[in-house]
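Note sheet for the following structure.
The values are calculated or read from the model by the stated rules, or taken from the named source; none is laboratory data. The structure displayed is predicted, hence computed values, not measured ones. Quick reminder, even Gly has a Cβ in these numbers, built from the backbone with ideal geometry, and neighbours come from all protein chains shown.
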Amino acid sequence: MSGKIVLDHVQEVRNNRTDGFINFGQKPDGSHFRIPVIIIEGGQEGPALLVDGCTHGDEYEGAEAILQMAKELEGTTFAGTFIGVPAVNMDAFMTITRASETDGFNLNRIYPGNYDSYSTHRLAATYLDRVVEYADYCITFHGGGDVLHLEPLIGYLPTDDEAGRKGRAMAEAFNCKYLWDMTVVPFTGHSLHAYQEDHGTITILPEVGSHCGRLHDREKNVAICYDGIRNIMTHLGMKSYPVPERVKQMAVELHYIHSFNGGIQTICKKENEIVKEGEMLAYMTDVFGNVIEELKAPYPGVVIGYWSVPVIRPGDWWSLYAKILD
């Protein structure tokens, strides 16, 4: 870690832990747009690991794991520095929405941001310059949010350089079944490129948690995030945790398949199913029960996720379907 993160407001200092906020704009009522930051100094030389959640405000499992990890590390000795940001986009977090309530922008589509634009653009630029810049490694948590079922998978940039190799090693160390090669994604301006390519912070992007699991699998999904942080800290030599049983991993290239129409959908192939080209993934009916659209597998692959509520709108992500790379 080169230099120190400067907080605009220190909430509390306790043992080796500092909680506080970075401000990036004053609201009409005098309060601030702000980013909550937890900094825990391990007391021994080592890397700075940033772990953040709620880039999208309805994807909270990572945030809970960050708070658990911070509580566990407080008052202990370890190598390096743990930087926890439970809610990067507090505006979206407070309204339980994917995008910012104030200006409607999706934070994970507008990196590297812009200080002279809307508040979410300013958030992106501020976060990169005042937090990400000081981290050597990062785990940036995402999930299925309010409308998707999504199997846990770990995104990384497989570039042919040292950063790419370190990122792949981190993805493997997190210890989930699916390793997501993020070379091909259907959107720009996301955090992985901004963190790693623009700021040199080796980054992985776990997608853990989903709409379907809110009630029944919440603890399981938070535990996946928590265990993943511990696995990464062990991998980076920051702290020694028990080595977990290694899962059999599969490298995939994820594709987001959109619906053309809107209607009532029926899922035919569920998560983890290996599918042949041409098999029916899902179909859609209108409100009279007439089939108006069929979704067939465009190639052999595996189902990672899908729209999990009955009503689907034109253009929504219908199926998260992946090519198997190895």
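Structural remarks
- Residue count for the stretch 129-174 satisfying the condition of being part of a helix (DSSP H, G or I), touching a helix residue (DSSP H, G or I) at 6+ places or on another chain (Cβ under 8 Å) and more than 28 Å from S210 (Cβ to Cβ): 1.
- Here N272 meets the list (1) exposed (fewer than 14 other Cβ atoms within 10 Å of the Cβ); (2) free of Cβ contacts under 8 Å to residues at least 60 places away in the same chain; (3) within 30 Å of K296 (Cβ to Cβ) almost entirely, failing just condition (2).
- Considering the stretch 33-91, the residues that are in contact with a strand residue (DSSP E or B) (Cβ under 6 Å, 6 or more places away or on another chain) and among the acidic types (D, E) include one that is farthest from N108 (Cα to Cα), namely E74.
- Meets criteria (surrounded by 21 or more Cβ atoms within 10 Å (Cβ to Cβ), in the same structural domain as I96 (by TED's automatic domain parsing), more than 27 Å from T95 (Cβ to Cβ) and modelled with pLDDT under 95) for L157: yes
- Members of the stretch 269-308 that are over 16 Å from A322 (Cα atoms), touching a strand residue (DSSP E or B) at 6+ places or on another chain (Cβ under 9 Å) and among the hydrophobic types (A, V, I, L, M, F, W, C): M284, V287, V291, I292
- Just one of (1) surrounded by 22 or more Cβ atoms within 10 Å (Cβ to Cβ); (2) closer than 19 Å to T95 by Cα fails for S31. It is (1).
- Qualifying strands (runs of 3 or more DSSP E) (wholly inside the stretch 233-311; at least 1 residues being closer than 30 Å to F82 by Cα and not assigned by TED's automatic domain parsing to the domain that holds H142): 250-258
- Selection count where residues are over 19 Å from R130 (Cα atoms) and not polar (S, T, N, Q), scope the stretch 14-58: 12
- Residue within the stretch 199-214 that is in contact with a His (Cβ under 7 Å, 6 or more places away or on another chain), surrounded by fewer than 21 Cβ atoms within 10 Å (Cβ to Cβ) and either closer than 24 Å to A63 by Cα or basic (K, R) (or both) present: yes
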